[in-house]
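Worksheet: one structure, shown below.
The values are calculated or read from the model by the stated rules, or taken from the named source; none is laboratory data. Just so we're clear, the structure is a prediction, and the values are computed from it rather than from any experiment. Positions of Cβ are generated from backbone atoms using ideal geometry, with glycine treated the same way; all protein chains shown enter the neighbour counts. Each accessible area value is taken on the protein alone, full model and side chains, heavy atoms only, with ligands, DNA and RNA left out. Shrake-Rupley method; radii C 1.70, N 1.55, O 1.52, S 1.80 Å.
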Amino acid sequence: MDASRSDVLILGGGVIGLACALYLLRSGVSVRVLEQGFPGSGSSHGNCGTITPSHAAPLTMPGMVGTALRSLLHRDAPLYVNPRPDLDRLRWLFSFARHCTWRDFNRAGEARGAILARSRALMGELIAQEGLDCEFDEVGELYVYRSARVLDQDRHHVELLDRLGMAVQSMTGDEVLAMEPALREGVVGGLYHAGDARLRPDRYVAELARRVRELGGKIETGARVDHFGVTDNRITYVRTTGGIFTGDRVVMALGAWSPPIGRMLGLRLPMQPGKGYSLTYDAAPVRAPRHSLVLREAAVCVTTWASGYRLGSTMEFSGYEEGLNDVRLDALRRGAATFLHEPEGRGEVVPWWGWRPMSVDEVPIIGPSSRWSNLVFATGHGMLGISMSAATGELVAGLLAGPAPVLDPAPFSPARFGL
């Protein structure tokens, strides 16, 4: 028996790859995960850990291109596009601009809303059934506004959620301050999303990896993909820095690394890495927020756990440029200080950056390839990998092992990009 063979090879050990592995194992399929670092070492690790059906609205909306262009001169802007010449990024931006219409906004919002709602319905059950110790808390999320103009601009967000049947409660400034005493005066209003939840993302990913191994799945660390063996339209083996592996089916769950690895197979995935940052503290401040917060004008997410406290978010398009940007980290601190009595936590602070896999239409790419007969995509989840993880795992398992998936796979099909 070939010890390097599995029914399914999963490329990528982030939250999406591990969720796919877990659901496939539950379907009776043998699985091997190939991860270049360690499980969750990419954008699964340092994000804000919110589970947010409320984030159905995509970035692709009229006016976003102007926002991106204005950011060229402001390195601390919540959305920043690096002006350094980059042909791949320029192509992506032009294509992204073509999707910034109300028609595409609504189409993407409906697709994102469907997978977010399904994933939210699965998360509590998955965490309970598998005994995942990850500080899961169904606390809801509060959007906070200090500008009436920005609150009014978000009416499209509210209208979309209403159409999707997702509860959103509009609140006055006084109601927001009564709900969340950690906030400073000057709040003009808020939107409360009672259906949202939170968890500690690094622990969630570690627990997924634990359960994958306990159920017989293999996780190969230090296994960076560097070559594919192919015959006709089929992938016959995957060569990595950790060895050569074979599988009947191959799932590409490589997040932001999907485009460069996809090029090895002659595929051009319409994605760009969107760099995010966070600051994680050992302990929350004394006046810590009770709910997860989105501080809208600053575009800062605030998450409180029993084990720590995190400020995060921002979106930077700088290609595959590595490393921390102190300007972006300082923007997180300043944004939080505008809204909160005690913006920073206590104890040691750990800065972090990671690349989010941003698809050009803001809808994940999930489903079988039309080019390679045994390749399935599970990538392009943008800022919502944690939120969409359970539904993506269920969908991929349904497509590969049955039963037929609950979620309609059509809106996520790679065929829309000729993949």
Q: Answer with one residue from Leu183, Val363, Phe136: the one whose Cα lies farthest towards the positive end of the charge dipole of the chain, charges on Cβ with Lys, Arg +1 and Asp, Glu -1.
A: Val363
Q) Using 1/(1 + (r/R0)^6) with R0 = 51 angstrom and r between the beta carbons of Val65 and Glu214, what's the FRET efficiency to the nearest 0.05? A) 0.60
Q: Sticking with the crude label model, points 7 Å out along Cα→Cβ, report the distance from Arg75 to Ser4 in nm, one decimal please.
A: 4.5 nm
Q | Reciprocal mean inverse distance between Cα atoms of the range 95-138 - Kirkwood radius, Å | A | 12.7 Å
**Q.** Percent accessible area from carbon and sulfur atoms, the range 107-235, protein chains only, probe 1.4 Å
**A.** 44 percent
(Q) At a 10 angstrom cut-off on C-beta neighbours, averaged per residue, how do the peptides 390-400, 274-284 rank from highest to lowest? (A) 390-400, 274-284
Q | Length gained when the stretch Arg346-Arg371 is fully extended (0.36 nm per residue, less Cα-Cα span) | A | 3.9 nm
**Q.** Calculated FRET value between Leu265 and Arg224, using beta carbons and R₀ = 25 Å, to 0.05
**A.** 0.95
**Q.** Segments 102-115, 80-93 sorted - mean Cβ within 10 Å per residue, highest first
**A.** 102-115, 80-93
Q) Counting only protein heavy atoms, what percent of the accessible surface of the range 319-419 is carbon or sulfur at a 1.4 Å probe? A) 54 percent
Q: Ratio to report: Rg/Rh of the range 279-419, with Cα atoms as the point set and Rh obtained by the Kirkwood method; give two decimals.
A: 1.08
Q | Full-extension gain in nm, Asp133 to Ala121, via 0.36 nm per residue minus C-alpha separation | A | 2.5 nm
(Q) I need the Debye-formula profile for the range 57-157: one equal scatterer per C-alpha, no solvent, reported as log10 I(q)/I(0) at q = 0.12, 0.17 1/Å, two decimals. (A) -0.64, -1.00
Q: Could you list the residues of the range 252-269 with an amide nitrogen less than 15 Å from a label point located 7 Å from the Cα of Thr241 in the Cα-to-C-beta direction?
A: 257, 261
Q) Solvent-accessible area per residue for the chain at a 1.4 Å probe radius, Å²? A) 39 Å²
Q: Set the Förster radius R0 to 35 Å, insert the Cβ-Cβ distance between Leu87 and Thr338 as r into 1/(1 + (r/R0)^6), and round the FRET efficiency to 0.05.
A: 0.40
(Q) Within the chain, which whole H helices from DSSP have a Cα span along their axis of at least 27 Å and a mean Kyte-Doolittle hydropathy of -0.5 or more, if any? (A) 102-130
Q.
If amide hydrogens are placed 1.01 Å from N in the peptide plane, which non-local residues have theirs closer than 5 Å to the one on Thr240?
A. Asp226, Phe245
Q. What ranking, highest mean first, results for peptides 26-32, 238-244 when packing means the other Cβ atoms within 10 Å averaged over each residue?
A. 26-32, 238-244
Q. Relative to the compact globular guide of 2.2 N^0.38 Å, what is the alpha carbon radius of gyration of the range 1-138, as a ratio?
A. 1.35
Q) Roughly what percent of Cα-Cα pairs across the range 149-212 reach past 14 Å? A) 68 percent
Q) Points 7 angstrom from Cα along the Cβ direction at Asp232 and Arg184: gap in nanometres? A) 6.7 nm
Q: Put one equal scatterer on each alpha carbon of the chain, apply the Debye formula with no solvent term, and list log10 I(q)/I(0) at q = 0.09, 0.11 1/Å to two decimals.
A: -0.52, -0.78
(Q) Shape verdict for the range 148-290, please, from the Cα gyration tensor: rounded (a/c under 1.5), prolate (a/b greater than b/c) or oblate. (A) prolate
Q) Rounded to the nearest 500, what is the chain's calculated 222 nm mean residue ellipticity when only DSSP H runs of at least 4 contribute -39500 (n - 2.57) each, over all residues? A) -10000 deg cm²/dmol
